[in-house]
Amino acid sequence: MKLNKETLCVQSGWTPKKGESRILPIYQSTTFKYDTSAQMADLFDLKADGYFYTRLQNPTNDAVAAKIAALEGGVAAMLTSSGQAANFYAIFNICEAGDHFVSSSAIYGGTYNLFSVTMKKLGIEVTFIDPDASEEEIDKAFRPNTKALFGETISNPTCHVTDIRKFADIAHKHGVPFIIDNTFATPVLCRPFEFGADIVTHSTTKYMDGHAMTVGGCIVDSGRFDWSAHADKFPGMTEPDPSYHGLAYSKAFGEKGYIVKATAQLMRDLGSIQAPMNSFLLNIGLETLALRMPKHCENAIKIAQFLSSHPKVAWVNYAGLEKDPYHALAKKQFDGDLPCGVMAFGIKGGREESIKFMDSLKLIAIVTHVADARSCVLHPASHTHRQLSDEQLLEAGIRPDLIRLSVGIENADDLIADLTQAFEKI
């Protein structure tokens, strides 16, 4: 039976049997018991399914990962300790020293730094492209050793909307998967697999958790990318792995091979696992995700309209506005035509006036976080993206006056009143 997203949010992932807990239990254990040495050996050889050490897999984590996979329409998923870990693992699972990948420049500053600095130290190069560039221009960034194309459904913090179908088609033309971070839209508003994406990542810290209580990430695989058809590009997926007695992931595990490899290799060796308690709290947030996202959007469009008509506002980026350059794309890609509850805007007068405005807010808090139940603001050029040079800021679309506003689920009139009194202070 095909279930709707509201039902999936509440009931998928954990199906209790007779006499079992109705609520997903917290398996707060590092280890799991078996009766014979042979049973444990089969687990280590990936010949049997089961749990033996939480660094690799845990029942609580797997239930929550299965729920996110169901929401995205994927075949398998893996939780990580953070969204940064998810994006790192998603690329590193198919790239090694000497490889290259292409990424949209309109991505979160921490991810930009991960790709351009840290992964470069590992011998993996990235080429950043303007996501609005023509297909021909983006094609020029690809090389024979390119292994992936990466983007964000809605960029943090510029609120650029990626044309998923365009990016997927370009990636597939070059024989590589399209990996997309769907954190801001969530599968409630957008399911990138339906537009051709191959792998989806999330910072579950944001809307999925919804309460700003737990840091986490997730990787979801569509199971559709044919690794065997591009075996020369992806030997790690198609050739024998000596650390597992010559097992080849795409052959042994089929459409789930990518996630099995990420678990068996990367989680085994790097260990960025999400704690079972955090997974339990994440699941509580997921249960109300389908209820919260429409409210975030309802509030956001009211506030975006208010800001766009205010005489002290220089510009607003929110694809829900009819005059926004990504409005038509938003109507095509997002359920309900609205992208999420996050927007970007600038104050007339530049950086100093934007900072003064933020400091004058009373209800809307200045915090590093984004996309939870409480409304908040951030000045990226001074905060999250301050490690970037002026040239990199401009390349990432970060203007000096840019304020990222994350609209929560409070009463919209109260939020507008707070914005109004702050405008009166500048």
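The values are calculated or read from the model by the stated rules, or taken from the named source; none is laboratory data. All of these numbers come straight from a predicted model, not from anything done at the bench. Quick reminder, even Gly has a Cβ in these numbers, built from the backbone with ideal geometry, and neighbours come from all protein chains shown. Protein only, heavy atoms only, side chains kept; ligands, DNA and RNA dropped before computing areas. Shrake-Rupley method; radii C 1.70, N 1.55, O 1.52, S 1.80 Å.
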Original post:
For labels at I284 and T30 in the simple 7 Å Cα→Cβ model, what's the distance in nm?
Top reply: 2.6
**OP:** List every residue whose amide H lies under 5 Å from the amide H of E152, counting only residues 5 or more places away in sequence or on a different chain, with H placed 1.01 Å from N in the peptide plane.
**Re:** D181
Original post:
How large is the charge dipole for segment 290-424, taken about the Cα centre, if only the Cβ atoms of Lys, Arg (+1) and Asp, Glu (-1) carry charge, to the nearest 20 debye?
Top reply: 80
Original post:
So between S37 and S134, what do we pick up on full extension, going 0.36 nm a residue minus the alpha carbon distance?
Top reply: 29.1 nm
Subject >> Helix-only [θ]222 nm of the chain, DSSP H runs n ≥ 4, -39500 (n - 2.57) each, per residue, nearest 500 >> reply: -9000 deg cm²/dmol
**OP:** Describe numerically, in nm with one decimal, the distance between label points set 7 Å from Cα along Cα→Cβ at S309 and at E194.
**Re:** 3.2
**OP:** Compute the accessible area per residue over segment 290-424, keeping the other protein chains in place, probe 1.4 Å, unit Å².
**Re:** 43
Subject >> Shape call, segment 5-277: gyration tensor on alpha carbons, a/c limit 1.5 >> reply: oblate
Subject >> Surface per residue (accessible, 1.4 Å probe) for segment 1-104, Å² >> reply: 51
Original post:
What shape does segment 37-103 have by the C-alpha gyration tensor, where a ≥ b ≥ c are the square roots of the eigenvalues, rounded means a/c under 1.5, and otherwise prolate means a/b greater than b/c and oblate the rest?
Top reply: oblate
Original post:
Counting other Cβ atoms within 10 Å, which trypsin sites (Lys or Arg not before Pro) in segment 48-154 have at most 16 and lie in a DSSP loop?
Top reply: R55, K140
Subject >> Within segment 359-409, trypsin sites (Lys or Arg not before Pro) in DSSP loop having at most 13 other beta-carbon neighbours inside 10 Å >> reply: K362, R386
Original post:
Of all the accessible heavy-atom surface of segment 172-318, with the other protein chains kept in place and a 1.4 Å probe, what percent is carbon and sulfur?
Top reply: 55
**OP:** List the relative contact order of the chain as a percent without decimals, with contacts defined as Cα pairs under 8 Å and 6+ residues apart.
**Re:** 17
Original post:
For segment 318-346 and segment 201-279, what is the separation of their Cα centres, given in Å?
Top reply: 31
**OP:** Using only Cα atoms, locate the centre of segment 7-63 and the centre of segment 386-426, then give the distance between them in Å, rounded to an integer.
**Re:** 43
Subject >> Accessible area of E391 in the full protein assembly, 1.4 Å probe (Å², nearest 10) >> reply: 140
**OP:** Assuming R0 = 60 Å, can you tell me the calculated FRET efficiency for the pair E424 and L3, based on Cβ-Cβ distance, to the nearest 0.05?
**Re:** 0.80
Original post:
Each residue of segment 63-71 in turn: what ³J(HN,Hα) in whole Hz from Karplus with 6.51, -1.76, 1.60 and θ = phi - 60°, glycine and Pro shown as x?
Top reply: 5, 6, 4, 5, 5, 5, 4, 5, 5
Subject >> Loop-located GluC sites (Glu not before Pro) in segment 313-383 whose Cβ has at most 13 other Cβ within 10 Å (DSSP) >> reply: E322
**OP:** Take the chain, connect every pair of alpha-carbon atoms lying under 10 Å apart with a spring to form a Gaussian network, then pick out the residue of S382, S243, S203 with the largest mean-square fluctuation.
**Re:** S243
**OP:** Please get the size of the charge dipole for the chain, origin at its Cα centre, with Cβ charges of +1 on Lys and Arg and -1 on Asp and Glu, quoted in debye to the nearest 20.
**Re:** 680
